[in-house]
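Colleague: Have a look at this one.
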Amino acid sequence: YILCVEAIVNLGLSVFWAPTFGIKGVAYGTIIPMLAANILFLPYYTCRVLKLNYLRYLYEGILQPLSILVILLIIFYNLDINVHSYLQLILFSLGAVLTFGLLALFFQLKKEHAKQIMNILKIKKFDV
């Protein structure tokens with residue numbers, strides 16, 4: 001039912017704001033219910049069903065990754081990178097994903113999970 005309510009609110013806000021704000025009004029009408037459903041209501045319901053601590057989920061599942069994303073955005077914004085081709089866009093995107101992954105690996109993941117990932121990434125020597 002949460003997604004049905006999200007769709008109805010999305011449509012209502014988009015129709016309400018479109019005449020005043022144009023395409024931005026439609027975007028706002030889409031993003032506000034989507035964020036409310038995906039950050040507040042769905043996690044709350046899921047945590048309640050699975051008997052998890054909702055505030056802990058918000059901290060570990062939303063705020064920590066978001067803080068890493070903000071750090072990443074600040075780093076890349078200060079680099080003043082200009083993208084002029086699709087190849088540059090692809091390379092920049094891969095660099096951003098790699099940077100986010102490394103930041104998450106060292107600052108967000110629990111030590112035992114980080115160790116498991118490091119063990120998976122180790123290159124094993126092949127016996128000939």
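The values are calculated or read from the model by the stated rules, or taken from the named source; none is laboratory data. Predicted model only: the values in this text are computed from it and were never measured. Positions of Cβ are generated from backbone atoms using ideal geometry, with glycine treated the same way; all protein chains shown enter the neighbour counts. For accessibility, only protein heavy atoms count, side chains too; no ligands or nucleic acids. Shrake-Rupley method; radii C 1.70, N 1.55, O 1.52, S 1.80 Å.
Colleague: Would you be able to tell me the number of residues in the stretch 18-37 that are open to solvent by 40 Å² or more (accessible area, probe 1.4 Å) and within 22 Å of the chain's Cα centre (by Cα)?
Modeller: 9
Colleague: Could I ask something else about it? For the condition assigned to a helix (DSSP H, G or I), among the aromatic types (Phe, Trp, Tyr) and over 29 Å from residue 43 (Cβ atoms), what is the one hit in 100, 92?
Modeller: Working: 100 fails: over 29 Å from residue 43 (Cβ atoms).
From the options 100, 92, the qualifying one is 92.
Residue-wise test of (1) basic (Lys, Arg); (2) in a helix (DSSP H, G or I); (3) touching a residue at least 12 places away in the same chain (Cβ under 8 Å).
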site: 37; (1), (2), (3): no, yes, yes
site: 44; (1), (2), (3): no, yes, no
site: 47; (1), (2), (3): no, yes, no
site: 59; (1), (2), (3): no, yes, no
site: 69; (1), (2), (3): no, yes, yes
site: 73; (1), (2), (3): no, yes, no
site: 81; (1), (2), (3): no, no, no
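Colleague: With the requirement that a residue be within 22 Å of residue 66 (Cα to Cα), without any contact (Cβ under 8 Å) to a residue 12 or more places away in the chain and surrounded by 10 or more Cβ atoms within 10 Å (Cβ to Cβ), what does the stretch 102-119 give you?
Modeller: To start, the set of residues in the stretch 102-119 that are within 22 Å of residue 66 (Cα to Cα) comprises 102-114, 117.
Checking which are without any contact (Cβ under 8 Å) to a residue 12 or more places away in the chain leaves us with 102, 106, 109-114.
102, 106, 109, 113, 114 - these are the residues of the stretch 102-119 that are within 22 Å of residue 66 (Cα to Cα), without any contact (Cβ under 8 Å) to a residue 12 or more places away in the chain and surrounded by 10 or more Cβ atoms within 10 Å (Cβ to Cβ).
Colleague: With the requirement that a residue be surrounded by 11 or more Cβ atoms within 10 Å (Cβ to Cβ) and farther than 29 Å from residue 37 by Cα, what does the stretch 62-101 give you?
Modeller: If the condition is that a residue be surrounded by 11 or more Cβ atoms within 10 Å (Cβ to Cβ) and farther than 29 Å from residue 37 by Cα, then 75, 76, 81, 83, 88, 89, 90, 91, 92, 95 are the ones that fit.
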